[in-house]
1. Place a point 7 Å from Cα of residue B:108 in the direction of its Cβ. Which residues in the stretch B:149-191 have their backbone N less than 12 Å from it?
2. May I ask you to derive the FRET efficiency for residue B:408 and residue B:50 from their Cβ-Cβ distance with R0 = 45 Å, giving the value to the nearest 0.05?
3. Could you tell me how many degrees, from 0 to 90 and to the nearest 10, lie between the Cα long axis of helix B:157-178 and the main elongation axis, the longest principal axis, of the Cα atoms of chain B?
4. Between residue A:282 and residue A:25, what is the FRET efficiency for a Förster distance of 30 Å, r being their Cβ-Cβ separation, to the nearest 0.05?
5. Quick one: length gained pulling residue B:422 to residue B:400 fully straight, 0.36 nm per residue minus the C-alpha distance?
6. Just B:101, B:411, B:243 to compare: in a GNM of chain B, with alpha carbon springs under 10 Å, which one fluctuates most?
7. Just subtract the alpha-carbon distance of residue B:126 and residue B:91 from 0.36 nm times their residue separation and send over the number in nm, one decimal.
8. With each pseudo-label sitting 7 Å past Cα toward Cβ, what's the residue B:98-residue B:62 distance in nm, one decimal?
């Protein structure tokens with residue numbers, strides 16, 4: 001089986017004038033969980049569809065074990081499309097059996113695999129039900145079974161966690177870890193950054209069709225700007241604004257989260273805080289993935305103006321992680337919930353981005 | 001949830017993991033086009049055959065065809081009419097039989113003991129008429145006075161003619177005997193005198209049965225195409241709507257999906273037609289309603305099925321390509337309308353023109369055009385108003401058009417089926433790589 005590495009090498013894709021992917025590159029090694037995060041329309045789904053050959057790239061290559069993917073090697077990839085796809089009127093077992101055979105399994109092996117995965121994913125009791133009669137959560141499990149039933153050597157899952165209840169999230173995480181342990185390279189995209197941070201060995205952050213940060217979660221966090229959390233209950237709003245190299249990044253109750261630029265003096269911050277009254281907490285913190293993500297997205301705001309992500313309304317109503325990440329991911333949450341109407345999403349997403357530019 | 005391999009599984013999965021590993025990916029993910037087509041077509045067939053709608057329509061079709069054959073034979077009066085005579089008038093049986101034969105009417109004569117028994121038979125509906133010999137008028141000997149006929153309500157035209165002829169014959173024979181002649185000699189002389197016709201421009205002989213067969217075959221093909229053609233488009237759209245097409249196209253090629261679908265639905269449609277054809281022709285021949293040699297009947301049906309296959313392939317490819325252009329069932333109507341017209345218009349033309357003028361030149365020309373041939377050819381072949389070269393020309397042209405369509409529909413389908421959202425303009429679908 002070789003080393004079992006999946007490589008995406010300088011893949012580009014345009015829709016007319018809209019650049020969906022611009023030399024997207026990353027690799028996922030055997031036994032590695034790779035988290036793929038980015039705003040809507042950043043190019044995650046397009047990348048995955050190109051990996052699976054559902055879309056053709058304009059340039060670049062996707063390789064497995066050093067060789068370009070063909071229809072034949074793609075049969076050994078487990079794929080969960082973002083737009084869930086199953087025959088609504090077909091029975092669960094029949095459907096999985098059919099898909100397993102299309103992936104190259106013989107009828108007998110396929111039947112066994114269907115039995116095993118429906119058991120494992122907790123939908124064994126629904127084998128003879130039509131898919132459309134299942135709850136959305138169970139449909140999701142069947143969808144995952146469809147991705148796993150042929151014992152794939154690579155897993156590509158587009159937002160596998162969206163719409164799952166907490167129990168199903170645990171099942172899904174467990175399965176992904178288990179596949180990783182079996183030496184399978186696993187790529188999945190998600191807007192649930194807490195989850196990505198907890199689960200993944202490495203993370204790639206995409207913006208406007210480019211990979212802007214890619215590496216182990218810890219390294220990325222260590223490399224990001226440091227955060228300073230200050231709890232000064234009596235301080236007026238904007239108390240830290242005048243300090244050199246310091247940017248306020250958010251509030252958590254009475255705490256202020258500050259980002260310290262290079263050369264900023266944390267002692268000056270402390271003095272300013274003390275001047276306003278008592279200081280109950282003063283500590284350094286590494287940025288969470290969510291904060292990192294927000295940095296990247298706001299970076300795009302400042303530089304390219306590709307309006308997305310930040311400062312939108314409707315923050316905080318998400319099923320997305322907890323605490324601070326809610327703010328960062330708010331735009332994503334809205335998206336996740338409106339899955340159903342996202343037709344040809346990557347393109348429409350890309351359109352949104354370009355339409356946002358003049359504004 | 002981490003049940004995995006330790007979980008109890010009910011179907012003896014345990015203990016042969018090694019063999020299983022060998023079994024799967026026998027060809028390392030290699031999947032021949034043949035197997036892909038079988039899988040796709042098999043799914044299509046299984047889904048359809050198990051659908052309630054299909055089972056009900058098939059049952060209705062078979063019942064309808066059987067019922068129409070039986071009703072035809074009941075109404076068509078091919079069964080003999082029954083005439084009763086009394087034992088005393090037994091000699092009239094032969095006379096009535098002879099008259100019926102000369103008029104080409106099927107009459108069966110039964111003899112009853114007396115008039116009372118005959119009347120009862122008439123009332124019971126066992127016989128259509130009771131014939132009694134009237135007392136000779138003017139005291140002459142024999143049956144010169146004609147018949148008194150007892151019926152339940154009225155006497156049918158054909159039976160009236162038969163009995164009139166028989167009565168006159170009887171009267172004539174009575175007179176011949178009375179004049180001392182031999183009725184048999186006179187009868188033979190009369191029988192040889194006839195009319196010989198020489199037609200300078202004879203109409204080709206038209207057989208009602210063949211016309212019927214042609215129209216019924218055309219009708220069935222028409223209905224079947226109208227059911228299963230749009231079913232192909234609907235099935236394509238279903239895969240787009242449910243997005244399962246994305247999962248499928250990651251592992252099989254678009255043309256394989258399209259071809260498998262067309263084959264699968266075609267097999268189901270053909271199976272239904274064969275069933276209906278066998279029931280219809282079988283009953284028709286058995287009941288005598290289909291009054292043509294069995295060989296010709298079977299031949300016509302086989303030819304009709306051949307045309308059906310060709311027609312289905314042609315229309316189904318177009319329906320598949322059209323279906324790929326839209327993403328929602330609601331939008332299906334617009335894209336399938338041209339194909340529906342291509343099926344309905346020739347059928348309506350054929351059905352309205354052919355019964356009255358089977359040799360219509362217009363129909364003869366239209367039947368050669370590929371788009372209309374699959375509908376019109378079976379009709380004109382059934383009627384027998386088409387030359388062999390016309391059939392072959394139409395077949396060659398249609399097959400050539402199908403070859404073009406395979407390429408064209410494959411391209412449109414392959415380009416459009418992955419694009420969801422609004423309707424894909426056909427020009428884009430043809431152009432896009």
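1. None, by backbone N distance to the label point.
2. 0.90
3. Orientation of helix B:157-178: about 30 degrees from the principal axis.
4. My answer for the efficiency is 0.15.
5. Separation in residues times 0.36 nm, less the Cα-Cα distance, equals 4.7 nm.
6. Among B:101, B:411, B:243, the largest GNM mean-square fluctuation belongs to B:101.
7. 10.5 nm
8. Roughly 5.1 nm, to one decimal.
Each reported figure results from applying straightforward, stated rules to the coordinates on display, with no laboratory input. Not measured: the values here are computed from a predicted model. Counting neighbours? That spans all protein chains shown, and the Cβs are built from the backbone with ideal geometry, glycine included.
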